[in-house]
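> I am attaching a structure below and will ask some questions about it afterwards.
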Amino acid sequence: MTEHSLWRFSRALHRAINERQFDELQDSIDDNIDWAIYGPIDMFPFLGARRGKEAVLDVCRTLADNIRIHRSDRESIMLAEDAASSLIKYTLTARDSNKPISVRLAHFARFKDGRLTSLRGLIDTFDLVEQALGRPIELPAMA
């Protein structure tokens with residue numbers, strides 16, 4: 001049994017973000033990748049849609065400049081031959097302030113010939129924004 005492409009991509013992404021080693025990540029991404037992580041792009045410009053390997057690598061470089069991954073816990077995972085999805089809880093640190101960040105991410109990935117061709121990510125952005133602001137968000141009372 002061979003290793004699933006998700007594991008190779010995950011290791012490469014973590015190495016790129018924490019150690020700024022991008023060679024393995026570059027090798028695990030398709031040239032025409034379709035990538036989107038949904039969230040408030042005004043507050044977090046590395047979120048949003050990207051197309052092509054260089055655009056995705058730029059996002060990963062921006063992440064590497066801003067965060068460090070301390071831990072990732074897969075809460076749920078589904079694997080198919082050329083696809084994967086999971087719910088992951090990340091424990092991060094902001095590089096500029098050493099401020100801890102906890103965030104949940106659901107992702108849906110597709111692979112072809114061992115390379116990531118498509119990624120869709122959904123972040124629990126409400127919690128992330130509260131952490132970034134350093135205070136709870138006040139919402140109006142619902143009628």
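No value in this document is a laboratory result; all are computed from the given coordinates. Just so we're clear, the structure is a prediction, and the values are computed from it rather than from any experiment. Neighbour counts run over all protein chains shown; Cβ positions are idealised from the backbone, glycine included.
> Taking the stretch 1-50, which trypsin sites (Lys or Arg not before Pro) meet the DSSP loop condition and have no more than 11 other C-beta atoms within 10 Å?
On the way: sites: 8, 11, 15, 20, 50; in loops: 20.
Loop-located and lightly packed - 20.
> What lysines could a cross-link reach from residue 89, if we take a straight Cα to Cα line under 21 Å and drop same-chain neighbours fewer than 8 places away?
Qualifying lysines at Cα under 21 Å: 99.
> Helix-only estimate, please: 222 nm mean residue ellipticity of the chain, summing -39500 (n - 2.57) across DSSP H runs of length 4 or more and dividing by its residues, to the nearest 500.
The per-residue figure over the chain is -9500 deg cm²/dmol.
> Now for a separate question. When a/c reaches 1.5 or more, the comparison of a/b and b/c decides; with that in mind, is the stretch 1-50 rounded, prolate or oblate per its Cα gyration tensor?
In terms of gyration-tensor shape, prolate.
> Along the charge dipole of the chain, pointing to its positive end and built from +1/-1 on Cβ of Lys, Arg, Asp and Glu, which listed residue (134, 52, 78) has its Cα farthest out?
134
> Oh, and also: Under 23 Å between alpha carbons, and skipping anything fewer than 8 positions from residue 112 in its own chain: which lysines qualify?
Correct list for residue 112: 53.
> Antiparallel DSSP bridges in the chain: what percent, to the nearest 5?
85 percent
> How large is the charge dipole for the stretch 1-60, taken about the Cα centre, if only the Cβ atoms of Lys, Arg (+1) and Asp, Glu (-1) carry charge, to the nearest 20 debye?
Here the stretch 1-60 has a charge dipole of around 140 debye.
> In the chain, once you exclude exposed GluC sites (Glu not before Pro) (DSSP loop, at most 10 other Cβ within 10 angstrom), what's the longest stretch remaining? Walk me through the numbers on the way to the answer.
On the way: sites that count: 3, 81, 138.
The answer is 4-80.
> Here is a further query. Relative to the Cα centre, what is the charge dipole magnitude of the stretch 52-94, using +1 at the beta carbon of each Lys and Arg, -1 at the beta carbon of each Asp and Glu, and rounding to the nearest 20 debye?
Approximately 240 debye in magnitude.
> Can you tell me the dipole magnitude for the stretch 41-143 around its Cα centre, using point charges on the Cβ only (Lys, Arg +1; Asp, Glu -1), in Debye to the nearest 20?
That gives a dipole near 280 debye.
> Enter the mean projected area of the convex hull around the alpha-carbon atoms of the chain, in nm², rounded to one decimal.
9.8 nm²
> Under 1.5 on a/c is rounded, so check that first for the stretch 48-97, then, if it is not, pick prolate when a/b is larger than b/c and oblate when it is not; a ≥ b ≥ c are the square roots of the alpha carbon gyration tensor eigenvalues.
It comes out oblate by the Cα gyration axes.
> Taking amide H positions as placed 1.01 Å from N in the peptide plane, with prolines and chain starts having none, which residues 5 or more places from residue 111, or on another chain, fall under 5 Å of its amide H?
Distant-sequence amide H within range of residue 111: 83, 117.
> Now for a separate question. Where a ≥ b ≥ c are the square roots of the eigenvalues of the C-alpha gyration tensor, would you call the stretch 5-88 rounded, which needs a/c under 1.5, or, failing that, prolate if a/b is larger than b/c, or oblate?
rounded
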